[in-house]
Amino acid sequence: MALTHEKPPTMLSHGELPYPRGTLVTDVETDRTGELQGVIEERTKDGNKLVSRTAFMRPRGGGVEWEAPLTRIRSAEDNN
């Protein structure tokens, strides 16, 4: 019988924003720039351990949102 590693049950919630909502930010891996819309945190149900933090951005002026790990997001002003 093969052993499998199952991911523990998790829950999603709104996370703390590193910058105010609407701040122009850059995804440093893709070089895309947009307005920060929010952050979602994934935590384990048992122990509340942080699994991931994901930022959601939208192009300035509107358009389709995209997501990226929060660790890849910087203020666009910091990149100048």
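In the stretch 38-72, what count of residues is obtained for those that are outside any loop (DSSP other than H, G, I, E, B) and out of contact with any Asp or Glu (no Cβ under 6 Å at 6 or more places or on another chain)? The qualifying residues number 15.
Taking residue 25 as the residue in question, decide whether it is in contact with a His (Cβ under 8 Å, 6 or more places away or on another chain) and crowded, with 16+ Cβ neighbours inside 10 Å. So that I can check it myself, show each step before the final result.
Working: in contact with a His (Cβ under 8 Å, 6 or more places away or on another chain): no; crowded, with 16+ Cβ neighbours inside 10 Å: yes.
No; evaluated as a whole, the condition is false for this residue.
For the stretch 28-70, residues that are among the hydroxyl-bearing types (Ser, Thr, Tyr) and either surrounded by fewer than 12 Cβ atoms within 10 Å (Cβ to Cβ) or touching a residue at least 60 places away in the same chain (Cβ under 8 Å) (or both) total 1.
Just name the residue that is surrounded by the fewest Cβ atoms within 10 Å (Cβ to Cβ) out of those in the stretch 4-22 that are in contact (Cβ under 8 Å) with a residue 24 or more places away in the chain and touching an Asp or Glu at 6+ places or on another chain (Cβ under 6 Å). Steps first, answer last, please.
The first filter runs over the stretch 4-22 and keeps only residues in contact (Cβ under 8 Å) with a residue 24 or more places away in the chain, leaving 8-15, 18-19.
Checking which are touching an Asp or Glu at 6+ places or on another chain (Cβ under 6 Å) leaves us with 10, 12-13, 15.
On the way: 10: 14, 12: 12, 13: 9, 15: 18.
In this case the residue turns out to be 13.
Per the conditions (1) in contact with a Gly (Cβ under 8 Å, 6 or more places away or on another chain); (2) at positive phi, the sole criterion not satisfied by residue 53 is (2).
Any read-out appearing in this document is the output of simple, stated calculations on the displayed coordinates, not a laboratory observation. Predicted, not measured: the structure shown is a model, and the values here were computed from it. Every residue, glycine among them, receives a Cβ derived from its backbone with ideal geometry; neighbour counts consider all protein chains shown.
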